[in-house]
Amino acid sequence: MMPVAALFILLIFVGLYFWLFVLDDMQNGSATPMADQSTSAPAAAQIFFTMTEANVRDKPTTSDSVILGKLPRGSQVTGVVQPGSPPGDGWIALSDGNGFIAMVNLSPSKPPELVTLLNDQSWVVDMPVDVWATTAPDSALIDRARADTTLKLVGLTADNFIEVKLPDNGYGYLADGKSILARLGGKPIAIGFNPQTCAFSGEIGAEFTKIGARLRAQWQALEAKEYADEAAREKAYAKVEGKSSYARMRRSFDGLSLTALGQHYESQSLYFADPPAKVIAVFRDNGFNIGPDGIFKATELYAGISGTRGEGTVYGQTELSCGV
């Protein structure tokens, strides 16, 4: 009887083990996973806003497609991001079925009003600057741009931020926008100028003094040189006589970009990357009496602001010139 009882007890333990562990695993292994039993859910529509004037096309491509219409900046659109399109790239299919919009023109946040357009002007960052996701006080920090980073400036917002385009085709915002606008041309510089005497003071006056010293040294070297005859001397003098000397600069003055100084035979010039109308307006705001033709009034010598000509076009759009 003992062997029979032992076998009976062993069979009971084997049965319990099979029922508790093996049978449950076999049932789980044979069951169809939930993911396989159901079909994948359709992609959900998302809300975006246009950051620029955006084209609505009949196909999700810029080639071989027709522009069905245009949406102004700030327009709200609802659509489904095309499969495989990473954020900031690709296309969305509009939920109303009326076309496609490139994601490069869209943002999840509504853009702020721009009071000044900067037209993607490039700015080389002169000191580390924070890039924010929005202009809201609780905005997330996207990045911290290092000095010498080049950013594309879109425009100045009503609440004094500058909207910038980021390398990933996204958008960000820089605080204290007006301060940045004043530094677009580089480190700020003061321009002390007396149109009555054509005298420049401060740092610019010192730069003209350096140019003058170089020119005098050049003439002294020519005069000390020995020549084969008088004709050779005159030929050497002719090469430098009346020739202008320039010094490039990259500085800012009240939003203007000062690009160079020029010392001419009987006059001096400042060169700006900005158009003449803007340069005239800034100098008027600084108290200078300038006529509609760009000429400084009540001066015995010539002093005026005009578009650059000749070799001066290499140094900018506008020249402030004073002299004989």
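The values are calculated or read from the model by the stated rules, or taken from the named source; none is laboratory data. The shown structure was predicted, so the numbers you read here are calculated from the model rather than taken from an experiment. Cβ placement follows ideal geometry from the backbone for every residue including glycine, while neighbour counts extend to all protein chains displayed. We work out accessible area using only protein heavy atoms, side chains counted, and drop any ligands, DNA or RNA first. Shrake-Rupley method; radii C 1.70, N 1.55, O 1.52, S 1.80 Å.
So here's what we get for this one:
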{"item": "Residues of the stretch 127-155 classified as more than 12 Å from Leu174 (Cβ to Cβ) and either under 15 Å from the mean Cα position of the chain (by Cα) or not in a loop (DSSP other than H, G, I, E, B) (or both), total", "result": "4"}
{"item": "Restricting the stretch 148-169 to residues that are hydroxyl-bearing (Ser, Thr, Tyr) and within 18 Å of Asp126 (Cα to Cα), the residue that is surrounded by the most Cβ atoms within 10 Å (Cβ to Cβ)", "result": "Thr149"}
{"item": "Qualifying residue in the stretch 172-184 (condition: modelled with pLDDT under 90 and open to solvent by less than 30 Å² (accessible area, probe 1.4 Å))", "result": "yes"}
{"item": "Residue in the stretch 246-256 that is open to solvent by less than 30 Å² (accessible area, probe 1.4 Å), within 18 Å of Gly304 (Cα to Cα), assigned by the TED database to the domain that holds Gly310 and within 37 Å of the chain's Cα centre (by Cα) present", "result": "yes"}
{"item": "Any hit, the stretch 112-120, residues being outside any loop (DSSP other than H, G, I, E, B) and over 29 Å from Asn286 (Cβ atoms)", "result": "no"}
{"item": "Conditions (1) small (Gly, Ala, Ser); (2) open to solvent by less than 60 Å² (accessible area, probe 1.4 Å); (3) at negative phi; number of the one not met by Gly99", "result": "(3)"}
{"item": "Test for Gly304: is it surrounded by 18 or more Cβ atoms within 10 Å (Cβ to Cβ) and either free of Cβ contacts under 8 Å to residues at least 24 places away in the same chain or part of a loop (DSSP other than H, G, I, E, B) (or both)", "result": "yes"}
{"item": "Residues of the stretch 190-210 that turn out to be among the β-branched types (Val, Ile, Thr) and crowded, with 16+ Cβ neighbours inside 10 Å, as a count", "result": "2"}
